[in-house]
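Structure, as structure tokens:
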Amino acid sequence: MNILAIESSCDDTAAAVVQDGRTVLSSCVSSQIEMHNLYGGVVPEIASRKHVEAVTALAGRALAEAGLAPGGLDAVAVTYAPGLIGAVLVGVNFAKGAALSLGLPLIPVHHVRGHIAANYLTHPDLEPPFVCLCVSGGTTAIVDVRSYTEMSVLGGTRDDAAGECFDKVARVLGLGYPGGPPMDKLAQGGDADRYGLPVAHVAGAPLDMSFSGLKTASLNLIHNAQQKGEALDLPSFAASFGRAVSDSLVPRAVAAALERSYGRLAVAGGVAANSRIRSDLQAACAARSIRLFLPQLRYCGDNAAMIGCQGYYEYQAGHTAGLDLNAYATRDISLG
Ligand code: KG4
């Protein structure tokens, strides 16, 4: 089964063709980062317009690279939630048009389910059930993946997402957008014990997290140093920040994996590319005999191959939509 998949939930327009869920025939991404970098973050209206400009040609390229004519497709899958609403709508409307004109089923895919499915592309032997730590610019959640299409949130952030926190702190340091990669690079060689940054605990909810205090403490530290004319040790600050984020995420993800007893923990989303988080997870899982699954770096960030993969399993479960499919800015992962 060949699925054309479309992803446009934030600042990457992506199209892919995926065969039988796990074989990526093509995966094309058109990034808008240069444009948003001018403003220090994603400007939703610009994102929507750039998706409109890119989506048709990108879908054509995905077909060409897959060596398929439109007649070789069996379904169209699309991210329909969550994301910037105008941006998601562009992909949803393109997918509806493609499904209608080609007479194909339309498969709605939850963006975070797609991020989780990136692990199936990297690890052919991975099958549910497992626990997945989902960390991106908009999401920070620990998900119980009971089956390919049955999932629920075990814990998550009460305020900011971890990626958003990386982006805001990096912006104040003048590192550009997105901030995670330069912060990660800067942290190499820094002393992670140099600056004490807070790791929040949510009373009565051991798997929940909070990053707003870390963000405020980091911004205060930077501003205080600027006001006093003191030079921050930037590599050590970035390393201390990365450690604080990792100290929030890793123990909770491991605790959730132990609680569910699946013996498998996967990681998903753009922040899954962070080297400190990856190495802390590797050490923590090795110490507790939990098998850790990390997606390949090219499938950590937004892409459409992961949507085509999850779309296949949604289709197997009978989850298709009509042309009245709506887009949603927020939507619980358990709803599909
Ligand atoms: O999954 P993604 O591409 O888009 C969303 O669905 O949000 O994630 C983007 C987020 C951004 O906040 C970016 O700064 C962060 O992932 N990110 C990283 C790293 N690479 C990307 N954060 C920390 N370390 C990284 N190496």
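The values are calculated or read from the model by the stated rules, or taken from the named source; none is laboratory data. All values reported here derive from a predicted model rather than from experimental measurement. Cβ sites come from the backbone with ideal geometry, for glycine too, and all protein chains shown count toward neighbours.
Some points to look at:
- Scope region 309-336; condition farther than 22 Å from Ala14 by Cα, in contact with a Ser or Thr (Cβ under 7 Å, 6 or more places away or on another chain) and at pLDDT below 95; matching residues: Ser334
- Among (1) within 16 Å of the ligand (Cβ to nearest atom); (2) out of contact with any Leu (no Cβ under 6 Å at 6 or more places or on another chain); (3) hydrophobic (A, V, I, L, M, F, W, C) - the single one Cys28 does not satisfy: (2)
- Residues of region 257-303 that are more than 16 Å from the ligand (Cβ to nearest atom), aromatic (Phe, Trp, Tyr) and closer than 24 Å to Val24 by Cβ: Phe293 alone.
- Unique residue being more than 18 Å from Gly83 (Cβ to Cβ) and in contact (Cβ under 8 Å) with a residue 12 or more places away in the chain when the list is Ser275, Ser261, Ser279, Ser334: Ser275
- From the options Val112, Val131, Val145, residue that is surrounded by 24 or more Cβ atoms within 10 Å (Cβ to Cβ) and within 16 Å of the ligand (Cβ to nearest atom): Val112
- Total residues in region 14-35, condition under 23 Å from Val90 (Cα atoms) and without any contact (Cβ under 8 Å) to a residue 60 or more places away in the chain: 6
- Qualifying residue in region 289-298 (condition: at pLDDT below 95, assigned to a helix (DSSP H, G or I) and farther than 23 Å from Phe211 by Cα): yes
- Residues satisfying the stated conditions in region 167-189, i.e. within 14 Å of the ligand (Cβ to nearest atom) and outside any helix (DSSP H, G or I): Leu173, Leu175, Gly176, Tyr177, Pro178, Gly179, Gln188
- Close contacts from region 134-163, counting a first residue that is closer than 20 Å to Val199 by Cβ and a second that is buried (at least 21 other Cβ atoms within 10 Å of the Cβ) and aromatic (Phe, Trp, Tyr), with Cβ to Cβ under 9 Å and a gap of 6+ residues or different chains, come to Thr140/Phe211; Thr157/Phe211; Arg158/Phe211; Asp159/Phe211; Asp160/Phe211; Ala161/Phe211; Ala162/Phe211.
- Among residues of region 22-58 being polar (S, T, N, Q) and touching an Asp or Glu at 6+ places or on another chain (Cβ under 9 Å), the one that is farthest from Gln316 (Cα to Cα) is Gln32.
- The listed residues are Leu89, Leu100, Leu84, Leu58, and the only one of them that is over 21 Å from Gln32 (Cβ atoms) and either among the hydrophobic types (A, V, I, L, M, F, W, C) or out of contact with any Lys or Arg (no Cβ under 8 Å at 6 or more places or on another chain) (or both) turns out to be Leu100.
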